[in-house]
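Quick notes on the structure that follows.
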Amino acid sequence: MQRRSAIKLIAAGLLADRLEAVNGHLIQLSSAPESYNLQFFTPVQDQTIAALAETIIPADGHSPGARQAKVSLFIDLMVANSAPAAKETWTHGLAAFDTEAHHLYGSEFARLTADQQRAVMTIAARNEQNPSTPLEHFFATLKLMTLNGYYTSPTGIHTDLQYKGNTALPNYYGCTHPEHSAT
């Protein structure tokens, strides 16, 4: 066996073990999130992420929000298994939100009222299409990870999207809109 082939096989084995571990944690998050232990963020950072995610996807009359879906735990798992640059992005991004919250209201983001949190989030999102500050840059990362975490959770999939699973249709009736009917 050539050296390169051996290295590729070793790397593939290590990657497979890593993926298996991440999958195990994902299953734990969906089935028993209360038993999940934070892997990267501190409990205070987790509270901040939970508050940020809830500001992006709040609970409403249709479905629970990001906090109940345990999006912060999903983010912790993803960041814990990311490259050092991603970890740094999250650490600095959370600090940027707390800095802005302190500047405006004299407290950390997680301790603000819901209205105050929305005000800080509005500032972070104001240049979403063309971010210029560290806070604005981090907002895009935060929003994408929040959406990914929510819509891959049982809450997002089953409660919000009301996905029932794959089912066989006994008949297919086609589109019933008059403007789409065949003439």
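Leu147 - would you say it is of a type in the set (A, V, I, L, M), modelled with pLDDT of 95 or more, surrounded by 12 or more Cβ atoms within 10 Å (Cβ to Cβ) and within 21 Å of Ile56 (Cα to Cα)?
No: the conditions fail for Leu147.
Mind listing whichever residues of region 43-62 are buried (at least 18 other Cβ atoms within 10 Å of the Cβ) and not acidic (Asp, Glu)?
Within region 43-62, Gln45, Thr48, Ile49, Ala50, Ala51, Leu52, Ala53, Thr55, Ile56, Ile57 meet the criteria.
What residue, of Pro178, Pro84, is modelled with pLDDT of 90 or more, more than 21 Å from Gln47 (Cβ to Cβ) and surrounded by fewer than 13 Cβ atoms within 10 Å (Cβ to Cβ)?
On inspection, the qualifying residue turns out to be Pro84.
Which residue is modelled with the lowest pLDDT, if the candidates are limited to region 161-175 and must be loosely packed, with under 10 Cβ neighbours inside 10 Å and hydrophobic (A, V, I, L, M, F, W, C)?
The selected residue is Leu169.
Need a quick list: helices (runs of 4 or more DSSP H) entirely within region 48-151 having at least 2 residues that are within 20 Å of Asn37 (Cα to Cα).
Ranges flagged: 71-80, 84-105, 134-150.
Output the qualifying pairs, or none if there are none: Cβ atoms under 7 angstrom, residues six or more apart or on different chains, first residue in region 35-54 and closer than 20 Å to Leu147 by Cβ, second residue aromatic (Phe, Trp, Tyr) and not in a helix (DSSP H, G or I).
Partner pairs satisfying both residue conditions: Ile49/Phe41.
So, in region 102-149, exactly how many residues are closer than 17 Å to Phe41 by Cβ and either hydrophobic (A, V, I, L, M, F, W, C) or touching a residue at least 12 places away in the same chain (Cβ under 8 Å) (or both)?
Residues flagged as closer than 17 Å to Phe41 by Cβ and either hydrophobic (A, V, I, L, M, F, W, C) or touching a residue at least 12 places away in the same chain (Cβ under 8 Å) (or both) within region 102-149 amount to 10.
Quick one: in region 68-81, which of the residues that are surrounded by fewer than 19 Cβ atoms within 10 Å (Cβ to Cβ) and of a type outside the set (A, V, I, L, M, F, W, C) is farthest from Met121 (Cα to Cα)?
Asn81
Could we say that Thr159 is within 30 Å of Thr55 (Cβ to Cβ), in the same structural domain as Ile56 (by TED's automatic domain parsing), touching a residue at least 12 places away in the same chain (Cβ under 8 Å) and assigned to a loop (DSSP other than H, G, I, E, B) here?
Judged against the criteria, Thr159 is not a match.
The values are calculated or read from the model by the stated rules, or taken from the named source; none is laboratory data. On a predicted model such as this, the values are computed, not experimentally measured, just so you know. All Cβ positions, even for glycine, are placed from backbone atoms using ideal geometry, and neighbour counts span all protein chains on display.
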